[in-house]
């Protein structure tokens, strides 16, 4: 908070009266000074004006000045003018005057010259009498005009380099040696009177070490004694010594921009009580003089040290200047002068150029380059030697030009490139199909997670691995970059991506960060991108993995050709062709792929049985007054009468935030009415004319005896089955809200179920797998059977006696091929662009 300037108003008619007024004010100011806050303000002012006299320092502090100069000084030197109506801050300025006086005449030895009578001869001389007058100066806050140049104060930036220089300057300015030791009793340091040395507690922070050193140097300068002198009558008492040393330390720390928030001067009021004005003034003058002397000595030593560093730096060919804002300037000599590059906090190159000035020293060239780049932040450290080498390595790695991204084959499985990895099982730049990477990542994650839990394990906790997936989605080439930490227990590559985005989609800290730093629009975009990843990209990747699993199982079965029948060989070949034809469809955005081939399609006896079943179904549909399609949609059952069902939230922790929530609040929170969260608690016929409000009234006022749920309430769902159609209605705070999403199937869940169904194909475990005979029975009944189960059953019965089978005729109707061809034609009309998914891991 800026301190307000309150100038002293003098009413004296002449110079003498005004001098008396201001002298009286000074005496009052000294007496009022020893309030803790006022004393701190005075020391702060003294730190800025340490070369001013005590009287003027106190006058400036009393009137709230921060940076003062005379009227003409502001105008001529700083090109600033005093604002109209501002009153000047009153200080004292020297105003000596000359008078003629008769004085004894002295010889060359300074002795009086006597006349013949032995009396001293006199002569008239002009002498200068010291005097002061009241003048006005103005604070910077009272002026306006050009910006002030930076004030040349050697403020410490907190870097190690600054600390080393500053402590070396303190050692040079100290009148006694400074050493470190383990001090008992909790003291930070002490000045040893007899040994004439300063001891500082070892192991403290840099800031505390410097503060302690300044405090003890003040003691050494002000309170040292001669051990050979028995009487020390003029030595101040212990309280005064501490006030003086602490005041000097505060002022010096203030001058160099060190943190002084811990300093407290509440005890000065008690110390000053009962002391004479002259004694207080004398002590304050001692403090001012000691602070001025120490600051001047430190400035001189710091200038010498920095000049020496400039000389050393000028002899080098390259260096890096770390700035307070996190950027770093690297500069090196070249034939025409200097090359320079500015790097950001992440070591990526931001800007650069060439300085055609071979005559400049490297430090001067660095300053000029920073000026050209508009970098005004101070230099916190100059990097040389090992630090410079480490910086260059980091910068080279951050700015490596990546290999050009290969445009993926629109008909191929996505490929994964290992950008870099800490695992010795992977090579930088290695590529593999998505399905292989998915399995490899899971194996490496499990192995690392298991190894690190073993006794005596000394390796790394994680193996970080950066990857890029190149793919074609909705007909557009795209890529996704991320990083998985093997050992974290996330499993496969696809599972890691899903876990990552599910976490950040729900993380309130991430939401608040985006809103605070980028705004609401960025948060909405972030939500939309994650929703796309979770509802489109993840199912897309899982479907590709499913297709690969089918292809691998079919190919493996075909390699054992002598052990499979011709019908099975035809079936497996058709599966391979199905996968090859489905991949481009999936890459074009068709996620509802044609039905995969079934083994039953390749057995004539099964085909005949299937035709019989279809005829029976057609007869049943006709009897029910329905088409075959309507009959199939009704679950191959005749239509039932209209009915209704009541669903209530499951009593689980996961449904807590949904319970009794109005529909608009659910939408505002981004939640949906998901059937997975509900359980059906009641179902009954729906009589003609019954409305939703009738149902609500009945299940609140007159429960049926067989109803076991709670009274119908907000967040319950009523599903009406009328005329063969289902509609879902959310019980809202007022009335009902239709919720079609309650009846909608979750695409992500469908992909997950598909993955689970295909896992038996991947792991090769035959436990609990059905036999070949059981599978054939299912196929004959018209049921779809698992390709994995079939392949496993064939392997299991390799050694069993084989019965001779008649060779079935090959299917005459290429139903799978026809489906695929039809799907391709339809997809060519529906291809739509999509948003890029690059770099979606934040």
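What follows is calculated from the coordinates using simple rules that are stated; it is not laboratory data. Just so it is clear, the structure is predicted and the values come from calculations on it, not from any experiment. Positions of Cβ are backbone-derived with ideal geometry, glycine not excepted, and every protein chain shown enters the neighbour counts.
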Check: What is the distance, in nm, between label points placed 7 Å from the Cα along the Cα-to-Cβ direction at residue 650 and at residue 573?
Finding: 4.7
Margin query: Could you list 449, 656 so that the one with the fewest beta carbons within 10 Å of its beta carbon is first and the one with the most is last?
Written below: 656, 449
Check: Got a sec? How would 497, 225 order by Cβ neighbour count within 10 Å, fewest to most?
Finding: 225, 497
Checklist line | Peptides ranked, highest mean first, by Cβ atoms within 10 Å: ranges 513-519, 704-710, 190-196, 438-444 | finding: 438-444, 190-196, 513-519, 704-710
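What list do you get for 585, 547, 10 if you sort them by fewest beta carbons within 10 Å?
Details: 585 19, 547 22, 10 15.
With the fewest neighbours first, 585, 547, 10 line up as 10, 585, 547.
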Item checked: Nearest-0.05 FRET efficiency for residue 513 and residue 346, computed from C-beta distance (R0 22 Å) -> 0.80
Margin query: Applying a 10 Å radius around every beta-carbon, put 137-146, 244-253, 484-493 in order of their mean neighbour count, most first.
Written below: 244-253, 484-493, 137-146
Item checked: For the range 165-291, fraction of C-alpha pairs farther apart than 19 Å, in % -> 51
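Relative contact order, percent, of the range 636-744 when contacts are C-alpha pairs under 8 Å separated by at least 6 residues? It would help to have the intermediate numbers written out before the result.
Numbers: 162 pairs, mean separation 39.3, N = 109.
RCO, the range 636-744: 36 percent.
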